[in-house]
Amino acid sequence: MPLSRHARFAAAILPHLDRAHNLARWLLANRQDAEDAVQDSYLRALTYFDSFHGRDGRAWLLAIVRNTCFERLRKNRRHLELPVEHIELARDTSPDPEALQLQLADQAAVRRGLESLPAEFREVLVLREMEGLSYQQIARVTEAPLGTVMSRLARARRRFEEALAAARKEETA
Amino acid sequence: MNCREIERLLGPYRDGELDPERSADVAVHQRNCEDCRAALERLEQLSAAIESAPRYPASPELRARLESRFADGRQPYGRWLLLAAGLAAAALVIGRLTPVADLRPQDALANEVVRAHLRSLVVGHLWDVAASGHHTVKPWLAAKLDFPFDVEDISSRGLLLAGGRVDSVDGRTVAVLVYRRGGHVISVFVWPAAQPPDRPPAGRSVHGFNVIDWRADGLNWWAVSDLELGELNELPLSPCFLPAHETLGG
Ligand SMILES: [Zn+2]
């Protein structure tokens with residue numbers, strides 16, 4: 001007896017939940033929207049699961065997540081101002097309060113810099129730098145030609161560099 | 001190449017996306033060119049900055065909601081779903097297996113078969129051909145393989161042949177017989193042995209999976225499962241352990 005469809009789905013797609021949520025959260029910049037989008041994405045993924053041929057569950061799911069998110073972004077353009085939220089400090093907990101302060105300020109700058117970019121640029125940076133996807137995988141997720149991925153990534157990096165410099169200046173001002 | 005051309009390649013160079021030749025060009029150039037070296041350094045810093053940005057894993061509530069929704073057992077599949085739940089954790093192990101290059105040959109192979117076993121579980125693709133009805137697996141495998149495949153079925157009480165697939169181990173195509181015992185999956189990898197002398201079974205444990213390998217009839221055999229080593233060792237996995245049973249077909 002082969003695995004049931006549900007069980008195959010659970011085994012192939014559920015392990016990528018954190019990545020799916022991270023991408024949605026960065027694209028939508030809002031906790032509730034991200035959760036809703038991830039839930040929608042999983043329902044869609046189940047619907048289309050028969051078209052999944054067992055190659056790369058992560059890329060397959062992320063493609064659905066990003067399409068769901070971009071649909072949402074198109075629908076509520078106005079809904080883009082960013083709520084202030086408490087963020088957990090990523091890893092490193094330095095004992096020196098002053099160093100910690102600086103680190104927190106810099107992390108805030110990084111986050112603001114990223115969030116100020118257009119969604120397409122945020123997306124390609126998240127996929128490349130956080131998820132470590134290859135250009136080929138990014139092309140599959142975003143349904144874009146490889147050349148487009150490369151030029152988009154280059155532009156995203158330039159824009160992020162500028163945005164980061166500006167945000168850092170503001171944080172230390 | 002001049003700086004303009006190199007500059008376009010710095011990102012792909014850093015991302016490991018250039019072919020070896022162009023990658024070498026960039027490496028040489030940036031060693032001799034301060035500007036391009038600085039540009040590369042800036043890319044590193046951007047990458048480090050993003051590394052420090054927060055990650056947003058799913059909340060426990062969202063995870064619980066989705067898991068109960070999708071992994072919610074309709075009865076007949078209960079134990080498979082339990083298995084599936086364990087796989088989320090297993091998926092993490094794949095990335096942590098020791099790099100193959102650092103190991104002695106047998107250990108490297110053990111690592112590779114465990115990786116292949118785990119991959120099949122995580123992707124949920126246990127077999128290419130299911131052992132439904134009689135005589136389906138052997139001819140299917142024989143047609144796909146580049147070595148003669150004439151292996152007896154070793155199904156016995158409590159050990160059922162579920163299907164077969166081809167996989168890749170040690171840089172070659174290998175046959176995989178997938179057995180089930182209760183809720184456990186056992187992958188048995190088979191391929192021709194380079195050195196002839198037979199070898200008795202030896203067991204080892206790799207990242208929570210148990211592996212037994214032996215050499216018989218000019219074939220390498222590797223069995224991988226989450227069954228206890230002792231239990232795995234007692235299964236009649238090798239035809240040389242047993243008088244001939246019904247063959248796999250044909
Ligand atoms: Zn240069």
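The values are calculated or read from the model by the stated rules, or taken from the named source; none is laboratory data. All figures in this text were calculated on a predicted structure; none of them were measured in a lab. Positions of Cβ are backbone-derived with ideal geometry, glycine not excepted, and every protein chain shown enters the neighbour counts. All accessible areas refer to the heavy atoms of the entire protein, side chains included, with ligands and DNA or RNA removed. Shrake-Rupley method; radii C 1.70, N 1.55, O 1.52, S 1.80 Å.
Quick rundown of the values:
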| item | result |
| --- | --- |
| Among the residues listed as A:F49, A:F70, the single one being surrounded by fewer than 18 Cβ atoms within 10 Å (Cβ to Cβ), at pLDDT 85 or above, more than 9 Å from chain B (Cβ to nearest Cβ) and in contact with a Phe, Trp or Tyr (Cβ under 6 Å, 6 or more places away or on another chain) | A:F49 |
| Selection within segment B:14-50 - away from chain A (no Cβ under 13 Å), open to solvent by 80 Å² or more (accessible area, probe 1.4 Å), within 14 Å of the ligand (Cβ to nearest atom) and under 38 Å from the mean Cα position of the chain (by Cα) | none |
| Contacts under 7 angstrom Cβ, first residue in segment B:3-21 being among the hydrophobic types (A, V, I, L, M, F, W, C), partner at pLDDT below 90 and open to solvent by 60 Å² or more (accessible area, probe 1.4 Å), 6 or more apart | none |
| Evaluation of B:R55 against (1) closer than 26 Å to A:A167 by Cα; (2) exposed (fewer than 15 other Cβ atoms within 10 Å of the Cβ); (3) of a type in the set (D, E, K, R) (one fails), failing number | (2) |
| Only one of A:L117, A:L102 that is part of a helix (DSSP H, G or I) and under 16 Å from B:A49 (Cα atoms) | A:L102 |
